[in-house]
Structures are given as C-alpha cells and as structure tokens.
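Just below is one structure, and these are the notes that go with it.
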Amino acid sequence: MNHVLIEPEQCKGCRLCVNYCPRQCIALGSSINKMGYQYAEFHSTACIACGICYYMCPEAGAITVFEEMAEKNG
Ligand code: SF4
Ligand code: SF4
C-alpha cells in the first residue's frame with residue numbers, strides 16, 4: 001500500500017501538504033513537536049503516491065513518499 005512518512009521534528013505545521021493532498025490523506029495532529037509546532041500526520045489508505053505533499057513541503061526531509069510496487073502476474 002502507498003504510504004507517506006512525515007518526520008514530526010522536521011515539520012513546521014504550515015499545512016501545505018494538508019491543503020494540497022488530493023485525497024485528504026494528511027491532517028495536523030494534536031501533538032506538538034520540540035519546536036512547538038503542531039505537526040502533520042498521515043493516516044490514510046487512499047494515498048495514490050502522487051508526491052504533491054513532498055513537492056509542496058518547504059522542509060527538506062520532512063516528507064517521504066513510498067509507492068507500492070505493482071505486482072506482476074506470470
Ligand atoms: S502522495 Fe499524494 S495522495 Fe499521497 S499523501 Fe501525498 S499528496 Fe496525498
Ligand atoms: S508541508 Fe511539510 S512543514 Fe508543512 S505541514 Fe506538511 S510536513 Fe509539515
């Protein structure tokens with residue numbers, strides 16, 4: 001399954017990933033990181049691994065997108 005890893009300590013809670021995800025996979029959680037920001041969390045099975053969240057995020061290393069490899073038959 002496609003999924004996204006968000007590093008809590010790299011996130012500044014800008015919401016760009018939240019706002020631009022076409023599948024509403026990401027939301028700001030209620031927890032606060034060491035810098036005092038409410039950070040984004042990924043909770044979804046609807047991710048299409050489009051990478052928009054990755055490209056929108058201004059923080060290098062905050063978001064990693066994992067795309068499931070398609071299974072081949074025969
Ligand atoms: S890869 Fe695309 S669908 Fe998946 S969380 Fe990021 S923006 Fe949303
Ligand atoms: S775009 Fe990056 S910095 Fe902004 S809320 Fe999402 S993960 Fe955090």
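Between 26, 48, 63, the GNM of the chain built on Cα springs shorter than 10 angstrom shows 48 fluctuating the most. Estimated from helices alone, the mean residue ellipticity of the chain at 222 nm is -2500 deg cm²/dmol (sum of -39500 (n - 2.57) over DSSP H runs with n ≥ 4, per residue).
Other residues with beta-carbon under 13 Å from the beta-carbon of residue 39 carry, at +1 per Lys or Arg and -1 per Asp or Glu, a net charge of -1.
Here the Gaussian network model covers the chain, with springs between Cα atoms less than 10 Å apart; of 50, 11, 25, 50 fluctuates the most.
Based on the convex hull around the alpha carbon atoms, the chain presents an average projected area of 5.1 nm².
Readers should treat all values here as calculations from the given coordinates under stated rules, not as data from a laboratory. Being a predicted model, the structure only gives us computed values, none of them experimental. A quick note on method: Cβ atoms are made from the backbone with ideal geometry, for glycine too, and the neighbour counts reach across all protein chains shown.
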